[in-house]
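S.K.: Please find one structure pasted underneath; my questions will follow.
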Amino acid sequence: MTKYTEDHEWIELDGDTVTVGITDYAQKALGDVVFVELPEVSASYSAGDEVAVVESVKAASEVYAPLDGEIVEINDALEGDPSLVNSAPSSDGWFFKMKLANADDMAGLMDEEAYNAHVAGLE
Amino acid sequence: MSMNSQGRPTMPTPSNDTSEMEPVFQSFSGHRGLRLAEPLIFELGTCHTTGVDVEDAGDFELSIGDVERTAEIGCPGLSEPDAVRHFTRLSRRNYGIDMGVFPLGSCTMKHNPRLNEKMARLPGFGDIHPLQPVSSVQGALELMDELSHWITTLTGMPAVALSPKAGAHGELCGVMAIRAALEARGDAREVVLCPESAHGTNPATAAFCGYKVKSIPAQDNGRVDLQALKEALDDTVAAVMITNPNTCGLFESEIKEIADAIHQAGAFFYCDGANFNAIMGKARPGDLGVDAMHLNLHKTFSTPHGGGGPGSGPVVFSEALKDFAPMPYVVKEGDAFTLVEDGDTKSLGRLTAYHGQMGMYVRALSYMLSHGADGIKQAAEDAVLNANYVLASLSDVMSASFEGPCMHEALFDDRFLKDTGVTTLDFAKAMIDEGYHPMTMYFPLVVHGAMLVEPTETESKYNMDQFIRSMRGLAEEAREGKVARFEGAPYFAPWKRLDETQAARQPVLRHPVAEAAE
């Protein structure tokens with residue numbers, strides 16, 4: 001099941017590990033992404049911490065840790081080809097995988113319907 | 001491969017044409033009348049030409065070991081007339097305040113009076129060196145002293161540090177002084193508050209000085225939310241950085257309440273004075289409760305910038321901070337001026353190797369003296385009047401972001417372009433075809449697709465009417481769905497729209513001919 005944050009990130013849970021990326025809405029708002037800075041593997045973050053940076057021709061913006069946890073894998077492909085964030089935001093354009101400190105935290109995030117309503121409220 | 005007249009390889013001359021702009025024929029030279037095609041300097045001349053007489057080095061022995069270069073460097077070699085023509089041709093593709101309206105909001109691109117230039121070239125100012133004995137530069141020191149007098153008088157603040165080299169450097173100076181003052185009273189505070197509409201340099205400065213930055217939201221009227229500010233103020237807050245007038249072109253009308261709340265919390269009030277042009281001679285930051293503020297001489301006091309000259313960002317200080325101001329500073333002892341360069345133990349130290357931008361001091365004081373107190377006040381009034389003229393003349397066809405009059409700049413957003421397919425970027429590029437430098441776009445970030453127009457006091461009504469006519473024309477065409485002129489604009493510029501994405505993703509950092517030669 002995919003969950004979302006107000007900061008336009010999607011989070012997909014698999015066991016006790018989540019994959020995190022930015023939503024289609026976010027990539028459209030950013031425009032062409034030209035650079036992605038990813039965290040170090042095995043670094044720990046609390047929810048809301050700045051984990052990655054995404055830079056487009058229009059703006060630079062942060063990607064936050066959706067929940068408490070430890071980085072277990074990063075998407076190296078983004079460093080060579082940041083355009084994946086635009087072309088495949090919800091699949092090949094993922095940013096990092098994080099082992100959650102507490103998988104129950106997922107319950108606090110928005111589901112797709114709630115996120116769509118959140119986006120609709122912004123337009 | 002294309003060759004130049006001396007047989008050097010060149011890149012093919014790119015076509016600037018578009019179908020609707022296609023001329024009926026192509027010239028044999030590649031030039032298009034007075035629009036001259038100009039290759040890169042690396043493609044000009046030969047490696048064996050020079051415009052300089054260099055004496056033969058004679059016999060010598062190299063002692064640099066195996067790093068000696070044996071292959072040709074391939075530097076461009078041009079005669080003097082060819083070098084002059086190259087740069088003159090390039091300069092004709094440029095746009096500056098001396099060519100026309102330069103409405104770049106937040107940057108205050110005002111006319112640089114030629115009198116300033118004449119004064120700055122006087123040998124007593126233009127030909128001196130910072131290491132000269134102070135007895136031989138008394139006139140220059142007197143000028144710094146007089147400039148300080150004007151700045152402290154205009155701002156109503158007791159002290160000024162002239163040396164910071166630009167706005168962001170001034171911010172650094174101010175926040176370092178705040179840190180020094182807090183440390184002197186044994187008060188470790190960690191947070192600096194900045195409003196959402198702040199110049200990006202504000203949070204960057206705070207972070208650079210080791211502070212954690214927290215954002216204060218704006219109200220719907222574009223001004224700082226006083227209630228939210230009060231709630232965020234506690235004994236961890238070192239300073240609040242606020243621009244007034246702010247980057248939405250609005251005066252922070254609750255500035256006094258804001259200052260009082262900041263001081264009540266034991267924090268300092270840093271005011272970003274980048275927009276002082278709108279209030280000089282009308283309001284004094286000292287009366288508004290400001291503790292430190294930089295002035296951009298290169299905006300407010302007409303010294304050249306944007307490629308035309310170095311910035312200069314003197315910082316004024318309140319009683320509470322003035323002892324922590326940086327060195328050097330000028331003091332008058334009897335009839336003589338001296339520079340205090342060391343020994344001041346409270347001072348935060350030095351921020352510059354020497355004494356700051358002397359040439360800009362001369363130009364700024366020249367502007368002040370030639371305008372006088374009344375003229376400076378009128379310049380602020382005219383800048384605000386001009387911005388409101390633009391705002392009022394375009395409000396029916398574009399979307400003004402906030403109700404009511406503005407200060408020195410008019411802010412529009414992209415609501416009027418909704419569903420037209422035209423973006424703020426397209427609109428800005430179309431302005432190039434109209435012969436104008438585009439306005440500031442996508443800043444401030446608090447409104448969507450921002451367009452920030454600052455005519456300054458420089459523009460006459462005639463110039464503004466011409467400008468407004470173009471802007472109205474563009475806005476009306478966009479709304480009528482006539483979008484051809486926006487797609488891919490500019491069409492009439494020497495270069496068409498550049499592919500920013502490819503330029504960032506796959507930058508070409510070396511000349512392809514040079515690279516292929518290796």
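S.K.: Give or take rounding to whole Å, what are the principal axis extents of the alpha carbon atoms in the protein assembly as shown, in descending order?
M.R.: Reported extents, whole Å, longest axis first: 76, 71, 66.
S.K.: Compute the FRET efficiency between B:Thr153 and B:Asn221 as 1/(1 + (r/R0)^6), taking r as their Cβ-Cβ distance and R0 = 41 Å, and round to the nearest 0.05. Don't jump to the answer; show the numbers that get you there.
M.R.: Numbers: r = 32 Å, r/R0 = 0.78.
Using R0 = 41 Å, I get an efficiency of 0.80.
S.K.: Calculate, for A:Thr17 and A:Glu50, the FRET efficiency according to 1/(1 + (r/R0)^6) with r their C-beta to C-beta distance and R0 22 Å; round to the nearest 0.05. Intermediate results must be reported in sequence, preceding the final value.
M.R.: Numbers: r = 21 Å, r/R0 = 0.94.
According to the calculation, E is roughly 0.60.
S.K.: Moving on. Taking loop as defined by DSSP and a crowding limit of 16 other beta carbons within 10 Å, which trypsin sites (Lys or Arg not before Pro) in region B:39-107 fit? Let's see the in-between values first.
M.R.: Values: sites: B:Arg69, B:Arg85, B:Arg89, B:Arg92, B:Arg93; in loops: B:Arg69, B:Arg92, B:Arg93.
Passing both the DSSP loop test and the Cβ count: B:Arg69, B:Arg92, B:Arg93.
S.K.: Using only alpha carbons, build the gyration tensor for region B:316-397 and give me the equivalent ellipsoid semi-axes, biggest first, whole Å. Please report the intermediate quantities before stating the final value.
M.R.: On the way: eigenvalues 295, 62, 32 Å².
The equivalent ellipsoid of region B:316-397 has semi-axes of 38, 18, 13 Å.
S.K.: Based on the Cβ-Cβ distance of A:Asp92 and B:Arg85, what FRET efficiency does E = 1/(1 + (r/R0)^6) give at R0 = 41 Å, to the nearest 0.05?
M.R.: Working: r = 51 Å, r/R0 = 1.24.
Computed FRET efficiency for A:Asp92 and B:Arg85: 0.20.
S.K.: Here's a follow-up. Write down the radius of gyration of region B:114-370 and its Dmax, each obtained from C-alpha positions, in Å.
M.R.: When restricted to Cα atoms, region B:114-370 yields Rg and Dmax of 18.1, 57 Å.
S.K.: If you stretched the chain out fully between B:Val508 and B:Tyr95, how much longer would it get, using 0.36 nm times the residue separation minus the C-alpha to C-alpha distance? Intermediate values should be presented prior to the final figure.
M.R.: Working: separation 413, 0.36 × 413 = 148.68 nm, distance 2.49 nm.
Residue separation times 0.36 nm, minus the Cα-Cα distance, leaves 146.2 nm.
S.K.: Given the rule -39500 (n - 2.57) for each run of at least 4 DSSP H residues, summed and divided by the residues of chain B, what is its mean residue ellipticity at 222 nm, to the nearest 500 deg cm²/dmol?
M.R.: Working: 14 runs with 166 residues, N = 518.
Mean residue ellipticity at 222 nm (helix-derived): -10000 deg cm²/dmol.
S.K.: For region A:2-102, what size does the Cα cloud have along each of its three principal axes, sorted from largest down, in whole Å?
M.R.: 36, 23, 21
S.K.: Taking the Cβ of each residue in B:Cys173, B:Cys47 as the centre, tally the other Cβ atoms inside 10 Å and list the residues starting with the fewest. Provide the component values of the computation, followed by the final result.
M.R.: Details: B:Cys173 27, B:Cys47 13.
Neighbour counts put them in this order, fewest first: B:Cys47, B:Cys173.
S.K.: Let me ask something additional. Let me check I've understood the local charge: for A:Asp68, count other residues with C-beta under 13 angstrom from its C-beta, Lys and Arg +1, Asp and Glu -1. What total comes out? Before the final figure, lay out the partial values.
M.R.: Numbers: positive: A:Lys99; negative: A:Asp16, A:Asp49, A:Glu70, A:Asp104, A:Asp105.
Computed value for this residue: -4.
S.K.: Are there trypsin sites (Lys or Arg not before Pro) in region B:288-374 that DSSP marks as loop and that have at most 10 other Cβ atoms within 10 Å, and which are they? Please list the in-between numbers first.
M.R.: On the way: sites: B:Lys299, B:Lys322, B:Lys332, B:Lys346, B:Arg350, B:Arg363; in loops: B:Lys346.
Within region B:288-374, no trypsin sites (Lys or Arg not before Pro) qualify (loop, at most 10 other Cβ atoms within 10 Å).
S.K.: Please compute the modelled spin-label separation between B:Ile128 and B:Val52, points set 7 Å along Cα→Cβ, answer in nm with one decimal.
M.R.: For the pair B:Val52/B:Ile128, the computed spacing is 3.1 nm.
S.K.: Which log10 I(q)/I(0) values, to two decimals, does chain B give at q = 0.07, 0.09 Å⁻¹ under the Debye formula with one point per Cα?
M.R.: Computed log10 I(q)/I(0) values: -0.50, -0.80.
S.K.: Over region B:114-370, what relative contact order in percent results from Cα pairs under 8 Å that are six or more residues apart? Spell out each step's value before the answer.
M.R.: Numbers: 502 pairs, mean separation 72.8, N = 257.
Computed value for region B:114-370: 28 percent relative contact order.
S.K.: For region B:53-105, max minus min Cα coordinate along each principal axis, in Å, sorted largest first?
M.R.: Largest first, region B:53-105 extends 58, 28, 17 Å along its Cα principal axes.
S.K.: Leaving out same-chain residues fewer than 8 places away, which aspartates and glutamates sit with a Cα under 17 Å from that of B:Lys496?
M.R.: Partners within reach: B:Asp17, B:Glu20, B:Glu22, B:Glu38, B:Asp426, B:Asp433, B:Glu434, B:Glu487.
S.K.: Would you work out the relative contact order for chain B, in percent, from Cα pairs under 8 angstrom that are 6 or more residues apart?
M.R.: Details: 905 pairs, mean separation 87.9, N = 518.
Dividing the mean separation by the residue count of chain B yields 17 percent.
S.K.: So which trypsin sites (Lys or Arg not before Pro) in region B:183-236 end up in coil per DSSP with only 15 or fewer other C-beta atoms within 10 Å? Can you show the working numbers first?
M.R.: Working: sites: B:Arg185, B:Arg189, B:Lys212, B:Lys214, B:Arg223, B:Lys230; in loops: B:Arg185, B:Arg189, B:Arg223.
Filter output for region B:183-236: B:Arg185.
S.K.: Here's a follow-up. For region B:374-503, state what percent of all Cα-Cα pairs lands in each successive 5 Å bin, counting from 0 Å until the bin that includes the largest distance.
M.R.: 2, 11, 20, 23, 20, 13, 7, 3, 1, 0, 0
S.K.: Distance in nm between label sites at B:Asn463 and A:Ala77, each 7 Å beyond Cα in the beta-carbon direction?
M.R.: 5.4
S.K.: Given the Cα atoms of region A:13-71, and with Rh set as the inverse mean 1/r over their pairs in the Kirkwood sense, what is Rg to Rh to two decimals?
M.R.: On the way: Rg = 12.2 Å, Rh = 12.3 Å.
Radius of gyration over Kirkwood radius for region A:13-71 works out to 0.99.
S.K.: Taking other Cβ within 10 Å of each residue's Cβ, how do B:Thr420, B:Thr153, B:Thr345 sort, fewest first? Write out the running numbers ahead of the final one.
M.R.: Working: B:Thr420 19, B:Thr153 13, B:Thr345 6.
In order of increasing Cβ crowding within 10 Å: B:Thr345, B:Thr153, B:Thr420.
S.K.: Sticking with this one: If contacts are Cα pairs under 8 angstrom and at least 6 residues apart, what is the relative contact order of region B:374-503 in percent? Don't skip to the answer; put the middle values down first.
M.R.: Working: 195 pairs, mean separation 36.4, N = 130.
For region B:374-503, the relative contact order is 28 percent.
S.K.: What is the order of B:Ile258, B:Ile468, fewest Cβ neighbours within 10 Å to most?
M.R.: Values: B:Ile258 26, B:Ile468 19.
With the fewest neighbours first, B:Ile258, B:Ile468 line up as B:Ile468, B:Ile258.
S.K.: Going Cα to Cα from B:Lys214, which aspartates and glutamates come in below 13 Å? Please leave out same-chain ones fewer than 8 positions away.
M.R.: Qualifying aspartates and glutamates at Cα under 13 Å: B:Glu190, B:Glu196, B:Glu231, B:Asp234.
S.K.: Using only the Cα atoms of region B:454-518, what are the Rg and Dmax in Å?
M.R.: Final numbers for Rg and Dmax: 19.2, 58 Å.
S.K.: Next up: List every DSSP H helix in chain B whose Cα atoms extend 30 Å or more along the helix's own long axis and whose mean Kyte-Doolittle hydropathy is at least -0.5. Don't skip to the end; give the middle numbers.
M.R.: On the way: long enough: B:358-394 (41 Å, 0.39).
Span-like helices, by this rule, are B:358-394.
Every number here is computed from the coordinates shown, using simple stated rules; none is lab data. The shown structure was predicted, so the numbers you read here are calculated from the model rather than taken from an experiment. Please note: Cβ atoms are built from the backbone with ideal geometry, for glycine as well, and neighbour counts cover all protein chains shown.
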